[in-house]
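So the structure is just underneath, and the comments pick up after that.
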Amino acid sequence: MALESISIPLGSEMPSFVLRDPDGVIQVSDYAFGKKGLLVAFTCNHCPYALAVWPRLIKLGMHAMKLGVNVIAVNPNINPDYPDDAPERMAEKIKEWKIPFPYVFDDTQKVAKAFDAQCTPDLYLYDANRRLVYHGRLDDNWKEPENVKRQELEEAIDALVAGKPIDQKQSPSIGCSIKWRRG
């Protein structure tokens, strides 16, 4: 089921996390930040919305990292009903897509809940002080990259790095609902 990300007040402090990638490498939020900030992308392997934006997210991630904004992708869909999102499949996608930033999993789903993440993709940009400066969509056309007219997340990253104001009018991301486990 498709839904939108929810509104989160800009300036909110980033929740802390300790997550690992499919190879067992631990990523700790306190050490994940680049000099200018951190982009946290809740995403997965199976959702059509996430699949559509993965190539653009990878390209944007490389751009952001060159500017001092680190990137981490978090898969909250570790659910037996969705085997395509299992850590073993994540390892395959890391190699296949040549993901240049950490792609970790949230097997307890506590991190996704702490962020109030709703969908894949759900994108959060934090400044170097751990304050939310952008929470919205990657661009204005998730389905047809050739028809993108505005790359809102890239604009926000560039403004953050340049020390310029970030547009406060932010459109929500849309994607598949996070596959919450029962119980």
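Quick look at the values:
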read-out: Selection status of residue 65, over 15 Å from the mean Cα position of the chain (by Cα), among the aliphatic types (A, V, I, L, M) and either surrounded by fewer than 18 Cβ atoms within 10 Å (Cβ to Cβ) or modelled with pLDDT of 95 or more (or both); value: no
read-out: Qualifying residue in region 104-117 (condition: surrounded by 21 or more Cβ atoms within 10 Å (Cβ to Cβ), more than 22 Å from residue 178 (Cα to Cα) and of a type in the set (Gly, Ala, Ser)); value: no
read-out: Conditions (1) outside any helix (DSSP H, G or I); (2) surrounded by 15 or more Cβ atoms within 10 Å (Cβ to Cβ); number of the one not met by residue 81; value: (2)
read-out: Filtered residue count, region 41-62, keeping only those that are outside any helix (DSSP H, G or I), surrounded by 21 or more Cβ atoms within 10 Å (Cβ to Cβ) and either more than 13 Å from the chain's Cα centre (by Cα) or of a type in the set (A, V, I, L, M) (or both); value: 2
read-out: Qualifying positions in region 1-38 - in contact with a helix residue (DSSP H, G or I) (Cβ under 6 Å, 6 or more places away or on another chain) and farther than 25 Å from residue 154 by Cβ; value: 16, 22
read-out: So residue 38, is it at pLDDT below 95 and assigned to a strand (DSSP E or B); value: no
read-out: Residue list for region 7-33, filter: surrounded by 13 or more Cβ atoms within 10 Å (Cβ to Cβ), within 26 Å of residue 140 (Cα to Cα) and either out of contact with any Phe, Trp or Tyr (no Cβ under 9 Å at 6 or more places or on another chain) or not aliphatic (A, V, I, L, M) (or both); value: 12
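The values are calculated or read from the model by the stated rules, or taken from the named source; none is laboratory data. Only a predicted model underlies this, so the values are computations on that prediction, with no experimental measurement involved. Glycine gets a Cβ as well: all are built from the backbone with ideal geometry, and neighbour counts include every protein chain shown.
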